[in-house]
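Asker: Quick one: the structure is below, questions incoming.
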Amino acid sequence: MTSNYIADSNDWPRLPALEDWQDTCTTLHMWTQIIGKIRLALSPNINHGWGSTLYITTRGLTTSPIPYGKFTFAIDFDFIAHVLRITTSQGTDRAFMLEPMPVAGFYRKAMEALAQLGIEVKIFARPVEVEVAIPFEEDTQHASYDADAVSRFWHALVHADNVFKDFRARFIGKVSPVHLFWGGFDLAVTRFSGRTAPKHPGGAPNVAKRIMEEAYSHEVSSAGFWPGTGLGEAAFYAYAYPTPAGFDKYPVQPEAAYFHDKLGEFILPYEAVRTADHPTQALLSFLQTTYDAAATLAHWDRLALERNIPST
């Protein structure tokens, strides 16, 4: 499997150990939840939560345009200038610096900036998919911002986004956009077999069971990238729902990939990709072979769902 994306090992940034930027990672995660919830509150309800996600840009992350009355607005994290910027189709804007500040302070600044632009919005102002859900207005515990660590993580997301989009293009069945879910703070892409799935049992912390049931209403093979909270290091992951028999024993590539019994997913450490002779190919092999595991073992109609892209 080849790709037009040619970033080599020198281009993929070295990430700090998670423990060294955990405070910043958690703070940034909470900030993205605030912005994501604003999009969720004002955008059309697209299936599987796709109407609330964030997207990678050439400078950071964006909500993409959000409808509001007679105009639209977008909220962007700029991880080059380290600014949060809100722009509208009316030509107005507001911005403030991304710097060490409590989640409560970020929440207040974001809401004040929106109000100054004539945008009123109410959100469920507490985080999801985390064990300890401190309301945003009360969270003075998380207040770190290491600009270098954030920049490195964003550049890793840029590379992952490009490879995921290449992989996504090889599927002609229903497939998600490549997007960042602010709940789990992970960049993800999901393929669908077209068949309905058993009702999901739920279990994600601080997430209503009905949300999980809708997210996994249909059979999927999903892959993504996240900082590694709960694992200890940044990593790529892949899973299937429902999980077919033998999935955990299926041979996948590259050699550094393994099945994590507790998480119930295949894992490929980010560092193994970054230091590979050909990082893009290493990641594509992981995406392809873990999908092979799901599609083969669950008997997907692969001839109808896959695009045959010739080697180059």
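The values are calculated or read from the model by the stated rules, or taken from the named source; none is laboratory data. Here the structure is a predicted model, which is why all the values come from computation and not from measurement. Virtual Cβ from ideal backbone geometry, glycine too; neighbours counted across all protein chains shown.
Asker: Could you check, for the range 102-110, whether at least one of its residues is in the same structural domain as Ile46 (by TED's automatic domain parsing), touching a Ser or Thr at 6+ places or on another chain (Cβ under 8 Å) and under 20 Å from Glu19 (Cα atoms)?
Answerer: Yes, because at least one residue in the range 102-110 is in the same structural domain as Ile46 (by TED's automatic domain parsing), touching a Ser or Thr at 6+ places or on another chain (Cβ under 8 Å) and under 20 Å from Glu19 (Cα atoms).
Asker: Quick check: anything in the range 205-223 touching an Asp or Glu at 6+ places or on another chain (Cβ under 7 Å), among the β-branched types (Val, Ile, Thr) and farther than 25 Å from Asn162 by Cα?
Answerer: yes
Asker: If I go through the range 86-112 residue by residue, how many of them are free of Cβ contacts under 8 Å to residues at least 40 places away in the same chain and over 16 Å from Gly36 (Cβ atoms)?
Answerer: The number of residues fulfilling the criteria is 16.
Asker: Part of a helix (DSSP H, G or I), at pLDDT 95 or above and crowded, with 16+ Cβ neighbours inside 10 Å - does that describe any residue in the range 132-149?
Answerer: yes
Asker: Also, I was wondering about something else. If a residue has to be crowded, with 18+ Cβ neighbours inside 10 Å and either among the acidic types (Asp, Glu) or outside any strand (DSSP E or B) (or both) to count, how many in the range 257-280 make the cut?
Answerer: Qualifying residue count, the range 257-280: 9.
Asker: For Ala238, indicate whether it is part of a loop (DSSP other than H, G, I, E, B) and either at pLDDT 95 or above or surrounded by 17 or more Cβ atoms within 10 Å (Cβ to Cβ) (or both).
Answerer: no
Asker: Given the residues Asp161, Asp166, which is the only one that is within 30 Å of Ile34 (Cβ to Cβ), assigned to a helix (DSSP H, G or I) and not assigned by TED's automatic domain parsing to the domain that holds Ala41?
Answerer: Just a single option satisfies the conditions, and that option is Asp161.
Asker: Would you be able to tell me the number of residues in the range 60-92 that are surrounded by 15 or more Cβ atoms within 10 Å (Cβ to Cβ), of a type outside the set (Phe, Trp, Tyr) and more than 16 Å from the chain's Cα centre (by Cα)?
Answerer: Residues that pass the stated criteria total 13.
Asker: Restricting the search to the range 194-235, which residues are touching a helix residue (DSSP H, G or I) at 6+ places or on another chain (Cβ under 7 Å), assigned to a strand (DSSP E or B) and either within 15 Å of Gly49 (Cα to Cα) or polar (S, T, N, Q) (or both)?
Answerer: Within the range 194-235, Ser221 is the sole residue that qualifies.
Asker: Okay, next question. From the list Thr243, Thr229, exactly one residue is over 18 Å from the mean Cα position of the chain (by Cα), under 28 Å from Glu131 (Cα atoms) and β-branched (Val, Ile, Thr). Which is it?
Answerer: Thr243
Asker: Return the residues of the range 58-86 that are in a loop (DSSP other than H, G, I, E, B) and either touching a Pro at 6+ places or on another chain (Cβ under 6 Å) or at positive phi (or both); say none if nothing qualifies.
Answerer: Those that are in a loop (DSSP other than H, G, I, E, B) and either touching a Pro at 6+ places or on another chain (Cβ under 6 Å) or at positive phi (or both): Ser64, Gly69, His82.
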